[in-house]
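Enquirer: Provided herewith is a single structure, encoded as structure tokens, for subsequent inquiry.
The values are calculated or read from the model by the stated rules, or taken from the named source; none is laboratory data. Since this is a predicted model, take the numbers as computed values, not measurements. Positions of Cβ are backbone-derived with ideal geometry, glycine not excepted, and every protein chain shown enters the neighbour counts.
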Amino acid sequence: MSIHTDPWPEGTPAWVDLMVPDRHVAQAFYGSLLGWEFEEGVPEMGYYSTARRGGRAAAGIGEPGASIWNELMTRDFAAAEEFYGAVFPYTFGDMSGPGFTYATLDLDGRPVGGLGELGPETPPDALPAWSTYFAVSDTDAAVARAVELSGQVVSAPADSPYGRVAVLRGPSGETFALMSTTEPSSPPA
């Protein structure tokens, strides 16, 4: 898991919460897949659990790896760019290419997330959504482990300019992505 010890610039996506029907199922799945240990919550907080890796907080899981990238895929790129640019002090780095529209969400000249347009090949019932990417050392091995843990492959591992990426569906139907990274592992807290 990569580690960031300096304060994040305001507006940087830096935390992920997962709300699922059965937190114990999610803990078993993500704990085994990403090496997380859990600190159980209290009834007043809906038994919200903090996932930790190497003693450092990585994510939260509640009821009815570390995050390395968040992106919004939408049908109305211009409206989303206008909205998020007004809400946060983002500037946008154009990464578009033939057949796709994509921009980084930049703070202080550094990308902190992404914004992309759903293409015409996207099924009409697909909704705009934010996605979270978790760092793993070996995407293929992590996907195989996720399948062993009853996860489903939405998009098989594939190379990208930024690492090997796969999209998965967890035990409660949530989707997330895994990406191999060359970032060094976090030291214990």
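Enquirer: Spot the failing condition for Val153; the list is (1) in a strand (DSSP E or B); (2) at pLDDT 95 or above; (3) surrounded by 15 or more Cβ atoms within 10 Å (Cβ to Cβ), and only one is missed.
Expert: Status for Val153: all satisfied but (3).
Enquirer: A further question follows. Would you mind stating whether Ser160 is closer than 30 Å to Ser32 by Cβ, in contact with an Asp or Glu (Cβ under 7 Å, 6 or more places away or on another chain) and surrounded by fewer than 17 Cβ atoms within 10 Å (Cβ to Cβ)?
Expert: No: the conditions fail for Ser160.
Enquirer: In region 128-150, what count of residues is obtained for those that are outside any helix (DSSP H, G or I), within 28 Å of Ala28 (Cα to Cα) and under 17 Å from the mean Cα position of the chain (by Cα)?
Expert: 10
Enquirer: Which of the residues spanning region 85-123 are at pLDDT 90 or above, of a type in the set (Val, Ile, Thr) and part of a strand (DSSP E or B)?
Expert: Scanning region 85-123 gives Thr91, Thr104.
Enquirer: Could I ask something else about it? Please find, within region 57-81, the residue that is modelled with the highest pLDDT out of those that are acidic (Asp, Glu) and closer than 17 Å to Leu107 by Cβ.
Expert: Applying the filter and picking the extreme gives Glu81.
Enquirer: Also: Looking only at region 96-118, which residues are over 19 Å from Gly11 (Cβ atoms) and either among the aliphatic types (A, V, I, L, M) or surrounded by fewer than 16 Cβ atoms within 10 Å (Cβ to Cβ) (or both)?
Expert: Listed by number, the residues that qualify are Ser96, Gly97, Pro98, Gly99, Phe100, Leu118.
Enquirer: On the basis of being over 15 Å from the mean Cα position of the chain (by Cα), surrounded by 14 or more Cβ atoms within 10 Å (Cβ to Cβ) and modelled with pLDDT under 90, does Ser180 make the cut?
Expert: In short, no.
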